[in-house]
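Below is one structure, written out as structure tokens, with a few remarks after it.
The values are calculated or read from the model by the stated rules, or taken from the named source; none is laboratory data. Every value quoted in this text rests on a predicted model; they were computed, and no experiment measured them. Cβ placement follows ideal geometry from the backbone for every residue including glycine, while neighbour counts extend to all protein chains displayed.
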Amino acid sequence: MKNTVEIRWHGRGGQGAKTAALLLADVAFKTGCCVQGFPEYGPERMGAPITAFNRISEEKIRVHSNIYDPDYVVVVDETLLHSVHVTDGLKEDGAIIVNTAKSAKEIRPLLRGYKGRVLTVDARHISEKMLGRNFPNTPMLAATAAATGIMSREKFLREMEASFAHKFAKKPEVIRGNMAALEMAYDKAEIDMMRTTGNSSGKKAGKSSKEMKRSA
């Protein structure tokens, strides 16, 4: 399938990985993309490992299977690196995005020989600083949008603000906190992508909606 970005999310029940995948699909749809966002259901209990998926394309999506060879993997809970083969099938010209306070260099030995880009985002720190609680899915959603480049920063933030305004209409402080968390995580991931690709021109390293030309 051409013009498609495939993303696999790994998290634990209660961390919001499924919600983040659905939100990313919703935002991408509003920018004109064809999208899929769906979970793989396993044990439905708090803390159990869960998997979710996104396909985002400029063309109609005709595949409805799970994603086995993703362009990007998002790990919402770093403890899963010890028990789940999160890099299985991950393309080496893509990237893995891990929620951790550790550096990419410290994380890489846990990635079972994966040679591609490794991005780390301290989603807990960002969430607690901006929201007062640990909601890792919000920063990880922003980091994923930045790393994949499926839409511009401006479009992503605009659509997310509209979504938060609808959901938290009577809680403006929650909207402000979520937006601050998104901006901080997006900018951190964008800088890391530029660094890992050796891009010094300031141009986004991820793929824009017009650049999704890789077969998936």
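Remarks
- Scanning segment 110-127 for any residue that is of a type in the set (Asp, Glu), modelled with pLDDT of 95 or more and closer than 29 Å to Lys30 by Cα turns up at least one such residue.
- Segment 59-81 residues that are small (Gly, Ala, Ser) and at pLDDT 95 or above, paired with ones that are surrounded by 20 or more Cβ atoms within 10 Å (Cβ to Cβ) and part of a strand (DSSP E or B) (beta carbon under 9 Å, 6 or more apart): none
- The criterion of being surrounded by fewer than 21 Cβ atoms within 10 Å (Cβ to Cβ), basic (Lys, Arg) and either within 20 Å of Asn137 (Cα to Cα) or touching a Lys or Arg at 6+ places or on another chain (Cβ under 9 Å) (or both) holds for Lys91.
- Considering residues of segment 113-140 that are under 19 Å from Thr196 (Cβ atoms) and not aliphatic (A, V, I, L, M) only, the residue surrounded by the most Cβ atoms within 10 Å (Cβ to Cβ): Pro139
Rundown of residues vs (1) among the hydrophobic types (A, V, I, L, M, F, W, C); (2) surrounded by fewer than 21 Cβ atoms within 10 Å (Cβ to Cβ); (3) assigned to a helix (DSSP H, G or I); (4) under 14 Å from the mean Cα position of the chain (by Cα), yes/no style:
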| position | (1), (2), (3), (4) |
| --- | --- |
| Ala147 | yes, no, yes, yes |
| Met151 | yes, no, no, yes |
| Glu154 | no, yes, yes, no |
| Glu161 | no, yes, yes, no |
| His166 | no, yes, yes, no |
| Glu173 | no, yes, yes, no |
| Gly177 | no, no, yes, no |
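- Filter pass, Ala143 being small (Gly, Ala, Ser), surrounded by 17 or more Cβ atoms within 10 Å (Cβ to Cβ), in a helix (DSSP H, G or I) and touching a strand residue (DSSP E or B) at 6+ places or on another chain (Cβ under 6 Å): yes
- Residue satisfying condition, being modelled with pLDDT of 95 or more, in contact with a helix residue (DSSP H, G or I) (Cβ under 7 Å, 6 or more places away or on another chain), under 22 Å from Val73 (Cα atoms) and among the small types (Gly, Ala, Ser), within set Ala205, Ala180, Ala185: Ala185
- Checked against the criterion of being among the aliphatic types (A, V, I, L, M) and closer than 19 Å to Leu141 by Cα, the candidates Val63, Val5, Val84 yield just one match: Val5.
- Here Val74 passes the criteria (1) under 18 Å from Ala147 (Cβ atoms); (2) surrounded by fewer than 17 Cβ atoms within 10 Å (Cβ to Cβ); (3) not aromatic (Phe, Trp, Tyr) except the one numbered (2).
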